[in-house]
Amino acid sequence: MSARSTSRAVGSIALLCLLAAPSSPTTAAPLPQIDDRPILVIGASYVDGRLPFNNGLQAPFGGSSVGFGSFLSVGDALVRAGSFVINEGQAGATTFDRNLCLVDTCVPVGWQGYQTQLQKAAARVAIPNPVDPTQALGYNAQYVYIGMPNDCLHSGAVELPGQVSSPCTLAEVDAIADRLIDVGENAMDLGLVPIFTEYPDYDDIDLSIQAAATGLTWYVDETQWEQIASTVHSRIADELPGAIIVDAWRNIEVGPDGLHPVPKSAQKAARRIKKGIEEYEAGCE
């Protein structure tokens, strides 16, 4: 083959590759400005799909991620929506620190609770006092999004072996609201505005898929789910009037696992969170 023929063949291959490549979006995703303050994010798998590793590189369920990594969390969706984000969420987390409990035993690996996550997230944006760098003059953040916890949703969210655990009592459901309100109040003490979300509708998810896949001994039924959702929502609304509450997961679409949002729903949730902030700021003017 002549040099000219070789050049023509290479050019043809390059053209075919360009034609086969997916087209670029016509509009670029928004970018935050350097003087924008980040949104702090804490919570469970809806805000970050990764299970936590400890210092020994041990982790619950081997450290796998939601969808084995093919998952867009709301923390990442907020970045795509044009926000800086400090995300300390952990897939599988509850409002309290806990170890992983299987059917017949508990093991010394687990999750950090919401108070711990809040402390870590605040530390990332703390402005140190030059006289005493261990003290903060303030925080380069105004909002903290507090995602839906796993508390009382399944046997793995109770720090007892599954064979002796059971669905939560009314008092234990109230304790979820207590802990979330405490986190919100601590956020306010730091000068942050807490943002909470309502739970998805039970009809929009399918916990039977998770139950079959995880081997956990129980998951909540519809009555229990609604009891948790209504208790948490009504108490936060009544007892934290300075908080923002958004219906981030309205009409959620979930992936093959029956529980976690598809990317489109995560992006909608991020936009609703940002809209909630905009409406809050408009009401403060």
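Readers should treat all values here as calculations from the given coordinates under stated rules, not as data from a laboratory. Just so it is clear, the structure is predicted and the values come from calculations on it, not from any experiment. So basically every Cβ, Gly included, is an ideal-geometry build from the backbone, and we count neighbours across all protein chains shown.
Note on the chain: with charges restricted to the Cβ of Lys and Arg (+1) and Asp and Glu (-1), its dipole about the Cα centre is near 1740 debye.
Here's the list of lysines a cross-link from K264 could span, going by alpha-carbon distance under 17 Å and ignoring same-chain residues fewer than 8 apart: K274, K275.
As a proxy for reagent exposure, C168, C106 were ordered by neighbouring Cβ count within 10 angstrom, fewest first; the result is C106, C168.
Mean sequence separation of contacting Cα pairs (under 8 Å, at least six apart), scaled by the length of the stretch 34-284, corresponds to a relative contact order of 21 percent.
Over all other residues within a Cβ to Cβ distance under 14 Å of V254, the charged ones net out to -3, with Lys and Arg as +1 and Asp and Glu as -1.
Of all beta bridges that DSSP places with both ends in the chain, some 40 percent have antiparallel geometry.
The convex hull defined by the C-alpha atoms of the stretch 34-284 has an orientation-averaged projected area of 14.0 nm². Positive contributions from Lys and Arg (+1) and negative ones from Asp and Glu (-1), summed over other residues with Cβ under 9 Å from the Cβ of A81, come out at +3. Between G147, N54, A237, the Cα set farthest toward the positive side of the dipole of the stretch 34-284 (charges on each charged residue's Cβ, about the Cα centre) is that of N54.
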